[in-house]
1. If you take the residues of segment 211-222 that are over 27 Å from the mean Cα position of the chain (by Cα) and farther than 25 Å from Thr252 by Cβ, which of them is most open to solvent (accessible area, probe 1.4 Å)?
2. Under 7 Å between Cβ atoms, which residue pairs at least 6 apart in sequence (or on different chains) link something in segment 149-161 that is closer than 10 Å to Asp210 by Cβ with a partner that is of a type in the set (Gly, Ala, Ser) and not in a loop (DSSP other than H, G, I, E, B)?
3. Tell me, which strands (runs of 3 or more DSSP E) lie completely within segment 126-210 with 3 or more residues that are open to solvent by less than 60 Å² (accessible area, probe 1.4 Å) and over 26 Å from Ser248 (Cα atoms)?
4. Residues of segment 261-275 being open to solvent by 10 Å² or more (accessible area, probe 1.4 Å) and within 8 Å of the chain's Cα centre (by Cα), which ones?
Amino acid sequence: MKLRPILLVGLLVGCGFSLQAETLALKDGYPSSYRVKKGDTLWDISAHFLRSPWLWPRLWQANPQVSNPHLIYPGDLLTLIWVDGQPRLVREPPTGNRVRLSPRVRIESAIPTISYASIASFTDSQHMVAPSALNDMPYVLGDEDGRSMMVPGRQVHVRGTLKDGELYAVYRPADVVLDNYSGEPLAQKATLVGTLTVAAQLDNQTAIADISSLKQDMRQGDRVLPLPSQEAIAVFYYPHPGPSLAQSHVVTMGREDSIAGKNSVVFINKGQRDGIQSGDLYSVMKPGPGVYDNSGYHQGEPLYSDSASLYQRLVGQPERLPAKPIARLMVFKVYDKLSAALVLDSEDMIRIGYPIGKVKDAGPGS
């Protein structure tokens, strides 16, 4: 059995007050039309035209040709027109000789709002728990022959109390995620190993279970948890600029990688206690390089009189140039002390420690 999150696909577009209050500004160099490609999202398409792609519902507002923007398909030609002084996207009708066909089901998938597949891929293999929460969880002892590495088709013994007949997830503890500023433990990563179905509780301390599925080798010490109901993510977002955050940064990646790009999952060091909500949008900032001013002169300061003074200037801390926004991300899952976010677009790779800022218009680097 494959552990899979439930994705309730949709986008809340009825929050019209905040959407209508903002000016629908087109970005510099916007195209007059766009041919939809496989792999596009509504965010991607809107980013070709709008300074603020999260305002994409207004591009299709009162548009009889695109009454449901979720039913845009690869190959469709979208053309920008103006209605009452406001830009609109319409689907161009086919041209040339038409061949009448009997009704049939369209094979292609409609264009999603964001890359739901990327979210599903993350939630299908990773979990975040409170620091040290795994310490008291039941854990795998070994298989029926006492081996410490389990394989499909074998029963395993679990140290702890489980419910007969219940399906459980098996996770391997990974790194504890720390706040780079305060050093506070924020959460602990756990990687999904597989699932178990409990056959019987043998005594107060030991249960026996069948391996239901495996994503990787199951080992002694892997923790046994109830299936996380919170992983049934309702992807029903209203993307909007999130509240200002102080000392916020990328603390870890969704995968075991050191860098992230478009459609990757990253974690930021802010969560429910900081007022973060699903749908909040932020920019990722690339720190400016450090430079030493070797001229020996700074405005308002005297020229260096000797080499020793210059040496002290050079061996000190470099001057940090301003940070540059390189990506935009949307929070899709909020924990107590941190949040998971999907990278919607980027012009450079994101690294752990990069600060988080207010979302910018007209592209990540504007």
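1. Ranking the candidates gives Gln220 first.
2. Final answer for the pair search is Gln155/Ala199; Gln155/Ala209; Val156/Gly142; Val156/Ala209.
3. Details: elements: 126-129, 139-143, 155-159, 167-178, 185-201.
In segment 126-210, 139-143, 155-159, 167-178, 185-201 are the strands (runs of 3 or more DSSP E) which contain 3 or more residues that are open to solvent by less than 60 Å² (accessible area, probe 1.4 Å) and over 26 Å from Ser248 (Cα atoms).
4. Asn263, Ser264, Val265
The values are calculated or read from the model by the stated rules, or taken from the named source; none is laboratory data. The shown structure was predicted, so the numbers you read here are calculated from the model rather than taken from an experiment. Cβ coordinates were reconstructed from backbone atoms using ideal geometry, including for glycine residues, and neighbour counts include every protein chain displayed. To get the accessible areas, we keep the full protein, side chains included, count just its heavy atoms, and leave off ligands, DNA and RNA. Shrake-Rupley method; radii C 1.70, N 1.55, O 1.52, S 1.80 Å.
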